[in-house]
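Please treat every number below as a calculation from the coordinates, not as lab data. The structure presented is a predicted model; accordingly, all values stated were derived computationally and were not measured. We place every Cβ from the backbone using ideal geometry, glycine too, and count neighbours over all the protein chains shown.
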Amino acid sequence: MIRQGYVTGPILGALWMLVLSVTVSVAMSFSTGDPFRPSVWLSLFWGAIAGGAVVALGRTRAVQIGIVVIVTGLVLSGIGPMLTGDAAGSVARVLGSVILGCAFSFSVTVILDEVVSGPLNRHEFEGAVIRFLTGFGYIFFTAIVLIPFYVMVMTSLKNQGELMQNPLDFSIDLSKGTDLLRSYEELFTQFNFGTYLFNSFFISVLTVFITLAFAIPGAYAVARLRFRGQAAFSRSILLIYMVPMIVLALPIYIAFSMTGLRNSFWGIVMIYPVTTIPVALYMLQGYFRGLPSEVEEAGLMDGLSRLAVIWKITLPLSLPALASVSLYVFMIAWNEFLLAFMLLDDPSKFTLTRGIASLNSSEIPRQHLMAGSVIATVPIMALFLGLERFMTKGLTAGSVKG
Amino acid sequence: MAESHPPIGTGPLAKREARLAWGLLFPTIAAVALVVLLPLLAIFWISFKPVGLADLRAPEVVLREDIRGDDEAVGDAATIRYRLRNSSQDQPITGVTFSDVIPMGLAVQDLDPRCTLENRDLTCDLGDWEPGNREILTIPVIVEQPYLDNALRPQDSPATTTGVAPNVLTNTTFTLDNFSRIFSGEEFVEVLWVTLFYTVFGTIGALLVGLFAALLLNKAFRGQGILRGLYLFPYVAPVIAVAFAWLILFDPFSGSANALLIQMGVTPTAINFFGERPLALIMVTVFEIWRYFPLSFLFILARMQSIDTDMYEAADMDGASPFQQFWYLSVPQLLGILSVLFLLRFIWTFNKFDDIFLLTGGNAGTRTLTVSVYEQAFAISNIGAGAAVAVVIFGCLLAFSIFFLKYISREEGL
């Protein structure tokens with residue numbers, strides 16, 4: 001029953017119209033602050049008609065243009081799948097309706113590509129459903145990922161009054177020029193964020209180097225050398241990673257309070273690497289195992305010692321893995337919050353994450369909190385996007401065979 | 001004729017290799033022992049101790065020193081006064097002594113019997129002190145000319161004090177109060193239930209959402225790399241930044257999400273997403289799914305891309321529909337990585353602290369076991385009870401790990 005073109009077409013058309021009208025309304029609301037809202041019943045109704053039309057009349061250019069014109073006209077006359085409030089500007093209304101019309105018309109013809117008005121076989125039907133789900137998936141994931149970051153950036157550029165007045169209005173007034181960046185300027189001049197940025201960077205880089213200094217020899221031993229307990233050791237490394245940080249943080253806090261290491265740079269630098277060594281060791285040993293041992297044996301034959309083999313042969317061969325591991329460790333150290341929060345009280349020694357936590361009070365306006373979040377997010381994102389290849393490899397290294 | 005045997009036991013070369021291996025591993029083992037194993041043992045020790053946050057500072061002798069009376073002319077009579085007290089109201093201090101230097105030109109007239117004076121060095125032995133003990137020692141002195149020539153006043157030479165205070169952390173008083181305190185009360189059952197809900201739904205949700213995302217990106221098209229990078233954003237960004245962004249997005253008074261929902265007519269009044277009882281728990285679980293779906297997405301995608309495409313071509317020839325191909329070909333191939341991911345994520349979600357702490361602080365029915373550790377130790381200032389909760393967590397993890405090791409040895413990878 002459902003695998004009939006004249007049933008499948010309207011159903012998918014209706015659902016797709018609903019998805020798109022919600023998407024366009026949210027996007028228009030967030031970018032202009034004007035009241036746009038989808039109408040569930042009208043969306044389903046018009047979407048079903050359009051889906052039926054595509055199936056019945058075919059996917060010609062004329063049908064596409066017809067759908068664009070009709071949907072745009074319906075929205076503008078107020079009985080379309082998307083409704084606009086009186087406060088909406090006329091430019092935004094026209095723009096929104098045209099976007100909805102075009103997006104729907106050109107995508108619904110792709111979704112219903114193989115759907116004809118007669119009975120459908122399984123392939124044709126499931127293909128259409130999969131194309132619908134794919135489209136929905138792209139919109140869904142892009143929206144859920146982007147919206148929080150969009151809110152973060154836009155909030156940091158506005159002031160408290162504007163935000164309270166219309167929480168949906170994220171449009172920014174470009175005529176304000178550099179005044180838009182005022183909260184950033186205040187963070188750097190009044191809240192010491194320059195120091196926090198430097199502290200975070202310094203601690204993270206130091207953590208990377210210390211971690212590598214410990215993990216490289218350890219990983220090599222586990223991967224290459226034969227000794228009793230090797231198998232048990234390589235397995236128990238991961239077990240250490242399973243111990244929750246909060247359980248360790250409590251005794252560490254006590255020990256640091258009693259020895260005066262709390263509130264000190266070196267205390268943090270001592271603790272961070274230990275949280276990253278197990279995972280770095282695990283990632284590296286997976287990579288070392290994959291290297292051909294013949295090259296190293298040739299080096300041994302030619303009279304190099306084991307340590308020289310590691311330094312001159314293994315390390316140069318594993319530079320990509322070292323980059324991935326460094327990036328991953330840097331990310332962990334940069335994002336670390338719990339230990340910094342518990343162990344640092346002195347504002348001159350704060351890391352960025354600790355600094356942001358100190359902004360979370362009712363006296364400090366929210367755009368400062370968000371500006372701080374942006375400052376912490378941008379460097380790690382830039383690093384990540386620049387080296388994404390290494391990052392994705394690093395994250396999956398050693399854990400997935402084949 | 002002598003029979004030849006292969007060598008038995010470990011030869012010198014093998015021994016040398018093993019020695020080198022342990023040498024290379026030693027720094028790691030030492031560091032991990034110091035920062036992981038030692039604290040774990042400490043947690044067990046502390047969980048049986050009646051220790052609060054205030055006990056971390058050991059009781060000490062607090063001393064203030066001043067000079068009273070005239071000290072402006074030769075022959076003036078003045079008194080040096082030492083005020084001492086035990087900083088703790090409930091711990092005694094034994095063997096209290098202090099020593100100080102009397103400045104030049106002050107002639108000591110009379111001395112407390114507990115004190116001795118050698119040249120200008122004053123030493124007093126005050127014996128054992130009760131909790132909260134206070135004492136005042138006065139030493140009458142006559143001012144002489146060198147004192148007036150000299151800028152040194154009694155306060156300028158700091159007095160040193162000694163005293164031995166029993167430390168709650170190192171003595172042998174043990175108690176089961178911590179455990180009875182956390183196990184009694186309905187709260188513990190609720191904490192367990194919240195932890196279970198959060199862990200199970202957070203894990204399964206992140207896996208399913210990650211699987212969906214991986215299916216979307218498991219084909220080559222332009223912009224695939226960009227989307228893959230984009231979908232990893234929630235995992236890569238600092239948790240504190242995204243947690244606060246969520247809080248502001250879902251704020252009940254000025255949050256955009258509420259404004260949007262009201263405008264769309266979904267709800268007539270603003271919803272307090274992170275402040276109402278069942279909703280807050282659902283929201284922190286959704287946050288957990290949002291933040292960690294990228295990880296499962298990445299692993300599942302990597303596994304998918306290593307599946308041979310021939311199989312799908314063969315299935316296509318045989319007329320299998322896309323859903324059949326997914327169900328009968330992809331899912332069996334992915335089961336291995338899915339179960340590994342499930343176990344790993346299950347444990348990590350169970351361990352998660354920062355997310356809930358930042359979003360709700362454990363209020364509105366979102367207190368998990370890990371948040372409870374912090375709550376007991378720092379909010380209620382009862383370190384012993386916090387440690388007891390940590391021991392419970394550790395017990396759960398041990399059970400998971402045994403299961404994990406048993407199960408994983410049959411599984412692929414890892």
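Taking other C-beta atoms within 10 angstrom as a stand-in for reagent exposure, A:368, A:123, B:5 fall in the order B:5, A:123, A:368, fewest first. Cα extents for the stretch A:174-296 along the principal axes, largest to smallest and rounded to whole angstrom: 66, 42, 21. For A:150, B:374, the sequence from fewest to most other C-beta atoms within 10 Å is A:150, B:374. Relative contact order of chain A, taken over Cα pairs closer than 8 Å and 6 or more residues apart, is 18 percent.
Using the beta-carbon distance between residue B:220 and residue A:164 and R0 = 51 Å, what value does 1/(1 + (r/R0)^6) give for FRET efficiency, to the nearest 0.05? With a Förster radius of 51 Å, E is 0.60.
With each label modelled as a point 7 angstrom along the Cα→C-beta vector, the residue A:56-residue A:176 pair spans 5.2 nm. Express in % the proportion of alpha carbon pairs of chain B at distances exceeding 30 Å. For chain B, the share of Cα pairs beyond 30 Å comes to 67 percent. How big, in percent, is the set of alpha carbon pairs in the stretch B:107-179 lying more than 15 Å apart? Tail fraction, whole percent: 72.
Each Lys or Arg adds one and each Asp or Glu subtracts one; over the other residues with Cβ under 15 Å from the Cβ of residue A:97, this totals +1.
Cysteine residues of chain B whose Cβ has no partner cysteine Cβ closer than 4.7 Å: B:396. The stretch B:182-224 and the stretch B:41-106 have their alpha-carbon centroids 55 Å apart.
Per-residue Cβ neighbour counts within 10 Å put B:248, B:204 in the sequence B:204, B:248, beginning with the fewest. Neighbours of residue A:113 by Cβ distance under 10 Å: Lys/Arg scored +1, Asp/Glu scored -1, total 0. For the stretch A:255-270, backbone phi angles converted through the Karplus equation (6.51, -1.76, 1.60; θ = phi - 60°) give residue-by-residue couplings of 5, 5, 5, 7, 9, x, 7, 5, 6, 10, 3, 6, x, 5, 5, 6 Hz, Gly and Pro being listed as x. Tally Lys and Arg at +1 and Asp and Glu at -1 over the other residues with C-beta under 13 Å from the C-beta of residue A:75: what net charge comes out? Net of charged neighbours comes to +2. Placing a pseudo-label 7 Å from each Cα along the Cα-to-Cβ vector at residue B:94 and residue B:130 gives an inter-label distance of 1.8 nm.
With only Cα atoms counted, the stretch B:177-408 has Rg and Dmax values of 21.0, 70 Å.
Pairs of C-alpha atoms in chain A farther apart than 39 Å represent 46 percent of all such pairs.
Across the stretch A:285-301, the residues whose backbone nitrogen lies under 19 Å from the label position 7 Å along the beta-carbon direction of residue B:13 are A:293-301. Between the helical axis of A:122-157 and the longest alpha-carbon principal axis of chain A there is an angle of about 70 degrees. Mean residue ellipticity, 222 nm, helices only, the protein assembly as shown: the sum of -39500 (n - 2.57) across DSSP H runs of n ≥ 4, divided by residue count and rounded to 500, is -20000 deg cm²/dmol. If you look at the Cα atoms of the stretch A:185-396, you get an Rg and a Dmax of 19.9, 69 Å. Shape summary of the stretch B:282-414, radius of gyration then Dmax from alpha carbon positions: 20.3, 68 Å. Evaluated over the Cα positions of the stretch B:61-164, the convex hull gives a direction-averaged projected area, one quarter of its surface, of 6.1 nm². For the stretch A:5-165, the calculated P(r), taken from all Cα-Cα distances in 5 Å bins from zero up to the bin holding the longest distance, is 2, 9, 18, 19, 17, 14, 9, 6, 3, 2, 1, 0 percent.
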